[in-house]
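Have a look at the structure below, then the notes.
The values are calculated or read from the model by the stated rules, or taken from the named source; none is laboratory data. On a predicted model such as this, the values are computed, not experimentally measured, just so you know. Note: ideal-geometry Cβ built from the backbone for every residue, glycine included; neighbour counts use all protein chains shown.
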Amino acid sequence: MTATNLRPFVPSGEDFELAKRFFSMIGFETEFDAGDVIGLRLGEAGFLLQRYSNRELQDNFMLAFDVSDVDDWWRKLEASGALDLPGVRAKPPADYPWGRREIHLIDPAGVLWHIGRRTAPRR
């Protein structure tokens, strides 16, 4: 068997419209809108944003996605205005001992996104 795609369902938190605006501001495009679930895509990366709020889940949910240039992503995040939205927090790019350079971005729902790229060869 071969997997060809993985698209997690990500909770929006209490404010679905704010979550949709946040992801649009950082570059995700809407593939489809089915009311309580929308498909979002950025390049080859995609996920399903669902109108769902569960604080315990959101505060413990993490996702990682790779980008070609972490520092460029940081500049775009700063310029987007998304970092000023309610609940959004971010740490600028840093190199981590697990061999990745990452931005840590918390979306309006509290989900932690590891946006980065591998800096060390895989073992």
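Overview of values
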{"quantity": "Scan of region 60-82 for residues that are in a helix (DSSP H, G or I) and crowded, with 16+ Cβ neighbours inside 10 Å, ordered by number", "calculated": "VAL70, TRP73, TRP74, LEU77, ALA82"}
{"quantity": "Sole residue being of a type outside the set (Gly, Ala, Ser) and closer than 10 Å to ARG117 by Cα, chosen from ASP72, ASP84, ASP59, ASP66", "calculated": "ASP66"}
{"quantity": "Residues satisfying the stated conditions in region 16-32, i.e. touching a helix residue (DSSP H, G or I) at 6+ places or on another chain (Cβ under 6 Å), more than 11 Å from PRO108 (Cα to Cα) and not in a loop (DSSP other than H, G, I, E, B)", "calculated": "MET25"}
{"quantity": "Meets criteria (modelled with pLDDT under 95, within 17 Å of VAL10 (Cβ to Cβ) and of a type in the set (Asp, Glu)) for ASP33", "calculated": "no"}
{"quantity": "Residue count for region 50-81, restricted to those that are under 13 Å from the mean Cα position of the chain (by Cα) and more than 14 Å from HIS104 (Cα to Cα)", "calculated": "1"}
{"quantity": "Neighbours by Cβ (under 6 Å, 6+ apart or cross-chain): first from region 13-25, on the phi < 0 side of the Ramachandran plot; second assigned to a helix (DSSP H, G or I) and hydrophobic (A, V, I, L, M, F, W, C)", "calculated": "PHE22/ALA82; MET25/ALA82"}
{"quantity": "Which listed residue, of GLY13, GLY35, is in a loop (DSSP other than H, G, I, E, B) and under 20 Å from ASP84 (Cβ atoms)", "calculated": "GLY13"}
{"quantity": "Residue that is surrounded by the fewest Cβ atoms within 10 Å (Cβ to Cβ), among those in region 37-59 that are within 15 Å of PRO8 (Cα to Cα) and among the charged types (D, E, K, R)", "calculated": "GLU44"}
